Every structure is written in C-alpha cells, then in structure tokens.
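As structure tokens, the structure follows; a few thoughts come after it.
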Amino acid sequence: NTSHIARRRRLSPLKSSSSSPHAPTTRTPAMVLTTRVTKLLGIEHPIIQGGMHYVGYAQLAAAVSNAGGLGTITALTQRTPEDLRAEIRKCRGLTSKPFAVNFTLLPSLAPPDYGAYARVVVEEKVPIVETAGRNPGEWIAFFKKHGIIVVHKCVAIKHALTAERLGADCISMDGFECAGHPGEDDVGNLVLLAKAATSLRIPYVASGGIGNGRQLAACLALGADGVNMGTRFMATKEAPIQQGIKDALVAATERDTTLVMRSLGNTERVYKNPVALQVQAIEAEQPGKIEAIRHLVSGENYRKSFQETGDAASSVWSAGVVMGLIDDVPSCADLLTRMVADCEDIITNRLQSVVVGVSAAAPRSRL
C-alpha cells in the first residue's frame, strides 16, 4: 500500500547510490558486450527477458527486443494456440528483432494441448524457444527438427547436462534466488554458475536474482554468457501489468519474498503477503494436499492482480529477491542501456584496477 511504499523510501536510501566508492557510472555504452549468447541469438546485449505468466505479452517482448535484448512471449498465458498465434503476429508487428516464445511443461491433471501450441510456434517461424519444466526431450527434439534455437531453463547441473545431451543450444541456469520455481536443492547462483562453467560445453545464461549491470559483470566473470531476468522486467514502463504491482516491487526489499508449496515438492518463491502466509499456514497443517490450497494459488487470482486490480496483497504471485535492487520503473531501453554501461565500467575500470601486476611465479589460469 501507499504508506508502506512511502515508509520504505524514507528509511532506505537508493541501493544504486553514487555515494558508493565503487558505484558504476551510468552512461551510454561505448562498447558492445559480445558473447556466445549474443552470437547464437542474434541480439545486441546478452540480456534475456524470461517467460512470465500474465506478463510475457507482445508489448513487453517487443520492447526488450527493440532495446537490444531478447524478449519472450509466454505461450501458456494465451488461452488457446490461436491466441498465441495472434500474440506472435502482434509482436512481429512491433519489432523486426529476434524474440522468443516460452514453452513451459507444467505438472497438471489436465495438461494443455502442448502439441498445438508447439505447432503454432513452428508455423509462425519463431526463431527461439525457451523451454522449461520436466521431461523436455520430446519438445527439444521437435523444435530442433524445425530449426529453432532452444534455450532450456534448469535449476540443477544434472538437469542442464541432460538438456545439453538432448540437444539444447543454451542453458538458463536458475538459482535459488529466482522468482517462481527454484527447484528443491536450494543452491544459489554463486555456486551454480561457477559449477556450470566447468560442467557444460554449450553456453549458459544466469537466471535468478539479477537486476543490474554489476550483477551482469559478475555473471560474465563466473562463466555465464549473459543473464535472464523476470522480476526486474516487471518493473518497467512497458510491462503490461497494473501500476500497483510495479509500486510493490519498488517498495519491497530483498526480504519480501517467501516460499510456498514446499510440502508438495513444487516450491515457488512468491511475494510475501497475507495470502502467501495463509498458504504456508495451511501447508503446515495439511502438508502435501494441493486441494487445501488450490483456491489460493490459482493462476486466475494473480491474473486479476496483474491485469485488473493492481492489488499486490490479494493473491499469490511469483517475485524474486532482486526486488531489493529495484528502485525505479525505467523503460526497457533505459534499463538495458544502464546495465550494459555499468557492466562495461566495472569490467574496464574497477576490475582492471584490481590487477596491479603479474607475479613471475603465478600459475597460468585455466579459466
């Protein structure tokens, strides 16, 4: 609410304050960050907007792609395959740059017609698909057969290695910090990304908890070829959600998420509000019983929050700890320009200033 937002702004200085001795300077990038991912996907900046239910529409995807990143339409946000076709065509009318479609395999008693959605992606000649979920082999093979680049989202190294073996072109490594489903291993990105660097042959991007250029530089240093962001893109001018949700993201700190559905083995990181806490209380009394919480975790509830009411306290909705780094609602173009400029500044100035000489006895790096 408004009073909570105002209170946080009084008590918490902007986290990107230039008073920091190591704060990056925001300026137009003078260099281009070229990685295996920018070359693979045909994009200018190594920054991907991940799939998000009731957020990943053409409007946002096109804005990210026009800004030099990779925008993504969420397939299953569209009620029917033909609705997806219309959304893809709308996006193509808004950008001439590459964009992707997110294709998530959801655990469900009544699964959608994945084949119909997949056929639309192929027929509309979408160049890139972000797959996610369990047992993706059939769909990775299907999309690869039709010449589509596949970026598969994983929460564990063993899953990434499987996706690599199945033919994925790129991995999105999702750390425990992420919004949505971080898996059950609780491994953060500092370890996960470094482990991926020594385990994978194909390129990978970092996903989870990322929202600024300092983190982009860190992820590149850890071996990633770019980053994937969700929550940070929700707090942009072009994000097609109500202002109340964006205000909540700006007001929140890194402590304002919580975990639900742990007892079901389907953990989800969500915005901490009374409804999420109610879900946790029910799980404590009736662990593993989806029917006891189904009415509270329904996707239709947060669709209304995002698209109609803007009430951040009325539903269970995914959000990442990166909220603690969100202090504004810029355009996608301004956000990407700032991130790349700050990343460049850290790489060329701060990091180079740390290396003051080379010892004759120093071993040669294997990185």
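Summary of computed values
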quantity	calculated
Note, ³J(HN,Hα) from phi for the range 147-156, Karplus 6.51, -1.76, 1.60, rounded to Hz, x at Gly and Pro	x, 9, 6, 10, 10, 9, 8, 10, 10, 8
Hz values of 3J(HN,Hα) by residue in the range 169-175 - Karplus curve (6.51, -1.76, 1.60), Gly and Pro given as x	8, 7, 10, 9, 7, 9, x
Candidate lysines - alpha carbon under 20 Å from Lys272, same-chain residues fewer than 8 apart omitted	Lys246, Lys304
Global form of the range 260-302, assessed from the alpha-carbon gyration tensor, a/c cut-off 1.5	rounded
Positive-end residue, the chain charge dipole about Cα centroid, Cβ charges, pick of Ala61, Pro98, Cys154	Pro98
All aspartates and glutamates inside 17 Å of Lys144 as judged from Cα atoms, apart from same-chain residues fewer than 8 positions distant	Glu123, Glu124, Glu130, Glu164, Asp169
Per residue, in Å², the accessible surface of the range 235-367 once ligands and nucleic acids are set aside, probe 1.4 Å	49
In the range 183-230, the trypsin sites (Lys or Arg not before Pro) that fall in loop regions by DSSP, at most 14 other Cβ within 10 Å	Arg201
Separation of the Ser331 and Arg262 label points, Cα + 7 Å toward Cβ, nm	4.3
Within the accessible area of the chain (1.4 Å probe), percent carbon and sulfur	54
Amide hydrogen neighbours beyond the local backbone of Gly226, cut-off 5 Å, H modeled	Ala206
Beta bridges per DSSP with both ends in the chain, % antiparallel, nearest 5	15
Amide proton proximity set for Leu70, modelled H, under 5 Å, gap of 5+	Ile47, Ile48, Gln49
Prolate/oblate/rounded label for the chain (Cα gyration tensor, a/c 1.5)	rounded
Whole-number accessible area per residue in Å² for the range 38-144, which is evaluated in the context of all protein chains at 1.4 Å	40
GluC sites (Glu not before Pro) within the range 136-232, DSSP loop, no more than 16 other Cβ atoms inside 10 Å	Glu184
Asp256 accessible area, assembled protein chains, probe 1.4 Å, Å²	40
Trypsin sites (Lys or Arg not before Pro) restricted to DSSP loop in the range 79-152 with at most 12 other C-beta within 10 Å	Arg79, Lys125, Arg134
Links that overshoot a 29 Å alpha carbon limit, given the list Lys90/Lys145; Lys90/Lys153; Lys90/Lys158; Lys39/Lys195	Lys90/Lys158
Nonlocal amide H pairs with Gly180, under 5 Å, H built at 1.01 Å	Arg269, Ala319
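The values are calculated or read from the model by the stated rules, or taken from the named source; none is laboratory data. All values reported here derive from a predicted model rather than from experimental measurement. So basically every Cβ, Gly included, is an ideal-geometry build from the backbone, and we count neighbours across all protein chains shown. Heavy atoms of the whole protein, side chains included, go into the accessibility calculation; ligands, DNA and RNA do not. Shrake-Rupley method; radii C 1.70, N 1.55, O 1.52, S 1.80 Å.
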